[in-house]
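Enquirer: This is the structure I have questions about; it appears just below.
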Amino acid sequence: MSGQPPIRPEQGSYGQFQVATSQPKTLYSRSKDILAKLRESIPQNETQWQQARDLHGYSTAGNVLQKTRDILENRITKQDLRNFLTIASCCVDWHLGRKQEAYQRFKMQISAATELTIQKYMSSLRAMVQAMEPVYLRGPRHRVFEGTLLYSRIGPSFLTHYTKETGAFDSCFPAFSCTHPETQASMPLAPAFILKYRHPQQSFGDICAALCTEVLDEDDYAKFICVLERGRPIPTVLSLPAKAPYTALSVIKCQPEPAGDDQRASANPVDDLDMFALPKSFPLVYKVFGISDAVQQLLQEVTHRINFESLREVPNTPLLEFQWIDNYDMVVDQVVVDLVG
């Protein structure tokens, strides 16, 4: 027999007192956690937007002007944003064929990473900027830049997680039913604008190509500089690009032909409410007024006169053209009465 006394039940055993080793998080679960934190950092309603602006000193015209100037002149206290813009500059160097300059810029201003790692971060940043495009188009416009650059974690290690899944970044921003004029919109924090200001020797086209962005053009940048020089941000709404994909007003119902991909107009008149309904995805800049009973009655009287068989396409739009008839004058007159009455 052994000289050691037996272990009594109340003493337990070795296995019972082992410290459970925590399992490392998978890459997928880490990405989900990071996306959840991104969603938390993006304001989800008007109250939260105002609170975020107050907290970060970005609510008044004076705040907007000063914050924008600080970012343009690289007087940035947020390390994530400083690194983000450094990587963006590396993307421009890389796009112009100056690969060694891109590596050196990163190593001097961020860290001594390997060239492969730097390429990975540049690719992630381009994907991030690309992910901002559909968010810009569906309503938030300038707010996508504001929410991303000012309120979110955008350090190099975070960028890869935001674009792993299609639509993941977009899902972090709320749905917007209407885009109102805002002071912040007159000085949008678009990465391309910031880089163009810092690197005036580079063409705006090269910068946009390097970042894979096209929602804002050189005319928009000129307006941005004009506001900056005047020092007077004013409420405005940023325009959509001329070639932006958008959902047009529902004019008539279309049905696909079984034998081909072409779509033809239905020969039956559609319901008046469907005819003038705005789809939920349509970016509203102005308030929409309802259709009065008088207008609906007039529409019913003239709809039978519409020739649905010979509609012409409006060039460069997804719309079809109705031939104007005198009866429409009555409808227009009634709409004017509703508007001014």
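Enquirer: Which one of the conditions (1) of a type in the set (Phe, Trp, Tyr); (2) under 13 Å from the mean Cα position of the chain (by Cα); (3) under 19 Å from PHE84 (Cα atoms) does PHE176 fail to meet, given that it meets all the rest?
Expert: Of everything listed in (1) of a type in the set (Phe, Trp, Tyr); (2) under 13 Å from the mean Cα position of the chain (by Cα); (3) under 19 Å from PHE84 (Cα atoms), PHE176 misses just condition (3).
Enquirer: Now for a separate question. Name the pairs: first residue in segment 206-227 and under 16 Å from LEU189 (Cβ atoms), second residue surrounded by fewer than 15 Cβ atoms within 10 Å (Cβ to Cβ) and modelled with pLDDT of 95 or more, Cβ to Cβ under 8 Å, at least 6 apart or on different chains?
Expert: ILE207/HIS199
Enquirer: Any idea which residue in segment 77-126 is surrounded by the fewest Cβ atoms within 10 Å (Cβ to Cβ), counting only those that are assigned to a helix (DSSP H, G or I), among the aliphatic types (A, V, I, L, M) and without any contact (Cβ under 8 Å) to a residue 40 or more places away in the chain?
Expert: LEU116
Enquirer: Say whether the condition of being surrounded by 19 or more Cβ atoms within 10 Å (Cβ to Cβ), in the same structural domain as PHE169 (by TED's automatic domain parsing), in a helix (DSSP H, G or I) and of a type outside the set (Ser, Thr, Tyr) is met by at least one residue in segment 45-54.
Expert: Taking every residue of segment 45-54 in turn, at least one turns out to be surrounded by 19 or more Cβ atoms within 10 Å (Cβ to Cβ), in the same structural domain as PHE169 (by TED's automatic domain parsing), in a helix (DSSP H, G or I) and of a type outside the set (Ser, Thr, Tyr).
Conditions (1) polar (S, T, N, Q); (2) in the same structural domain as CYS212 (by TED's automatic domain parsing); (3) closer than 17 Å to SER157 by Cα, marked per residue:
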position	(1), (2), (3)
GLN66	yes, yes, no
ILE76	no, yes, no
ASP80	no, yes, yes
ASN83	yes, yes, yes
THR86	yes, yes, yes
CYS90	no, yes, yes
HIS95	no, yes, no
LYS99	no, yes, no
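Enquirer: Scan segment 19-28 and give yes if some residue there is part of a helix (DSSP H, G or I) and either aromatic (Phe, Trp, Tyr) or modelled with pLDDT of 90 or more (or both), otherwise no.
Expert: Checking segment 19-28: at least one residue is part of a helix (DSSP H, G or I) and either aromatic (Phe, Trp, Tyr) or modelled with pLDDT of 90 or more (or both).
Enquirer: Six or more apart or on different chains, Cβ atoms under 9 Å: show the pairs whose first residue is in segment 160-172 and assigned by TED's automatic domain parsing to the domain that holds ALA131 and whose second is among the basic types (Lys, Arg) and surrounded by fewer than 22 Cβ atoms within 10 Å (Cβ to Cβ).
Expert: Between residues of segment 160-172 that are assigned by TED's automatic domain parsing to the domain that holds ALA131 and residues that are among the basic types (Lys, Arg) and surrounded by fewer than 22 Cβ atoms within 10 Å (Cβ to Cβ), the close pairs are THR160/LYS120; HIS161/ARG30; HIS161/LYS32; ASP170/ARG138; SER171/ARG39; CYS172/ARG39.
Enquirer: Against the condition touching a Ser or Thr at 6+ places or on another chain (Cβ under 6 Å) and either more than 15 Å from ALA52 (Cβ to Cβ) or part of a helix (DSSP H, G or I) (or both), how does THR160 come out, does it pass?
Expert: Considered against the rule, which asks whether it is touching a Ser or Thr at 6+ places or on another chain (Cβ under 6 Å) and either more than 15 Å from ALA52 (Cβ to Cβ) or part of a helix (DSSP H, G or I) (or both), THR160 comes out as yes.
The values are calculated or read from the model by the stated rules, or taken from the named source; none is laboratory data. Bear in mind that the values here come from a model prediction, so they are computed numbers and not experimental data. Glycine also receives a Cβ, built like all others from the backbone with ideal geometry; neighbour counts cover every protein chain displayed.
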